[in-house]
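To start, the structure itself, in structure tokens.
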Amino acid sequence: MRSGSNHPRPAVPAMMSQPSPTDPTAPGKHPAGADAPRNPRPIPAADHGLQPRVGGPAGHSHGGRAAGQGPPSGGAAGPGAYAAEDVHHSPMLVFYEVTRACDLVCQHCRACAQPAAHPNELDTAASRALLEQFTRFPKPPMVVFTGGDPFKREDVFDLVAYARQLGLTVAMTPSATPLVTSERLARLRDAGIHRLAVSLDGADAATHDAFRGVGGSFDRTLWIMAEARRLGLPQQVNTTITRFNAKQVDAMAELIAGYDITLWSVFFLVPVGRGLHEQRISAEEYEQVFEKLWQQSRRQRYGIKTTEAHHYRRFVLQRQGDPQAGPATAAGHPAGNDAGAAHAHRNQRAPLGISDGKGVFFVSHTGSIYPSGFMPITCGRFPADDVVSVYQDSPLLRQLRDPDQFHGKCGVCDYRFICGGSRARAYALTRDPLASEPDCIYMPPAWVAKLESVSC
Ligand code: SF4
Ligand code: SF4
């Protein structure tokens, strides 16, 4: 049986159903000229250039997971406006892969980025038309300009400005290359960008640079973070957890605490693009990383969320925590104060249950429409297809929004409506987008009962 009535949703603390109208990431909340970060790693100008590739494992794509799966609310509809039931008609986040061009060569790149843009990349006029379609959702989403490297497009500032003119909220995920300069960051700020996301994949240069495959990437990333903070650009940090950095969770959490970030988005590897299976951590190691994140979430002022590891919500709920807890408010407890009221004075993030195709969707550089960047199943093609109609009516997207249709233990799990597992990882490993999350140790009681009934 996979009836919702037989397996009611788990009790969720009342505070989770009432997202705060306060959006700490709103432009203007981070004044320019704020105090310097506690652990700034400014690097001399001469060192800003990236070094040749270094050996070792390389990093994962930041494309499609950026400043986004974490902001507390939807876009033009206003902070706090997005509700769980809105997933059926409007995404909360749209990732627009403005290009697959990128000057880096991370071996785990989801996008398999190349130095040059694809000849069929949507041009300026098509990109503007796409942005116009986004405004037709009943609740227009936040748009994340991802890549590739958005800074490889000369018109990216114009597109940001146009999206803002349309009333959309925009975030961006630049690659850490020499294309990121103070002047360009300031232009982004002036164009009205809502948030910048940078990728940091290790607590030290050796780990991060090996991960990214480029010497100097670590120092450049920290320089970008310090500069964004100086300019008053709200920012989040994205980290991909693999077996090479899983032991550095605490060290990374402390390092980024010095940069006044809003959110730490901790991504768990999905083996797509150039991603490799062997860098995945085990399901048991997920729980160990979750424990570290949970402890850090009680100490740090910034919010912590996971991406493509929705079962962290289950982990937190099992500890009577609030998986929606966001950054501390201005009156919140200071970092390092592991207060008993771990979630007091914290803003609330997005509704629970957001996942691939469910509150999130993705438009590629050539207009292909996917449930997410890590789930390359084409559901439609812009401009031939209308993005609003595809999101609302695609049979696959509808299935992804209905946890009762999931297969295996996720389909009967008591957490399926707020977790549901990573559909992208399920697809990557089984080719069944509705299969169970491969990296979750939890055994739902209904699944155990089912197994027992089969074995009897
Ligand atoms: S920096 Fe470039 S190569 Fe590396 S993951 Fe991002 S898009 Fe891919
Ligand atoms: S079994 Fe599936 S739905 Fe349940 S907690 Fe694990 S990943 Fe989430």
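Each reported figure results from applying straightforward, stated rules to the coordinates on display, with no laboratory input. Remember, it's a predicted structure, so these values are computed and weren't measured experimentally. With ideal geometry, Cβ positions are generated from the backbone for all residues, glycine too; neighbour counts draw on all protein chains shown.
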Problem set entry | Listed peptides 282-295, 417-430, 130-143 by packing density, highest first (mean Cβ within 10 Å) | 417-430, 130-143, 282-295
Exercise. If you wrap a convex hull around the Cα atoms of region 84-356, how much volume per residue is inside, in Å³?
Worked result: 131
Problem set entry | Full-stretch length increase - Ser182, Arg381 - with 0.36 nm per residue and alpha-carbon distance subtracted | 68.0 nm
For this session: Go ahead and run the numbers for FRET between His118 and Glu284, Cβ-Cβ distance against an R0 of 51 Å, rounding to 0.05.
Result: 0.80
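Quick one: work out the % antiparallel among DSSP beta bridges in region 84-356, nearest 5.
Approximately 5 percent, going by the DSSP bridge assignments.
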Problem set entry | Mean Cα-pair separation over length for region 84-356, i.e. relative contact order, pairs under 8 Å, 6 or more apart, % | 15
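In the structure displayed, which of Lys139/Lys409; Lys152/Lys292; Lys247/Lys305; Lys139/Lys247 lie more than 29 Å apart, Cα to Cα?
Working: Lys139/Lys409 32 Å; Lys152/Lys292 36 Å; Lys247/Lys305 18 Å; Lys139/Lys247 40 Å.
Where the Cα-Cα span goes over 29 Å, the pairs concerned are Lys139/Lys409; Lys152/Lys292; Lys139/Lys247.
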For this session: Apply the Debye scattering formula to region 172-292, with a single equal point scatterer on each alpha-carbon and no solvent, then give log10 I(q)/I(0) at q = 0.14 Å⁻¹.
Result: -0.60
Problem set entry | Calculated FRET efficiency for the pair Glu85/Arg136, C-beta based, R₀ 25 Å, to 0.05 | 0.85
Problem set entry | Computed P(r) (all Cα pairs; region 130-189; 5 Å bins; percent) | 4, 17, 30, 23, 14, 8, 3, 1
Exercise. Does a label point 7 Å from the Cα of Gln392, set along Cα-to-beta-carbon, have any residues of region 125-160 with amide nitrogen under 20 Å, and which are they?
Worked result: 129-143
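Excluding Gln392 itself, what net charge comes from residues whose Cβ is under 14 Å from its Cβ, given Lys and Arg +1 and Asp and Glu -1?
Overall, the nearby charge balance is -1.
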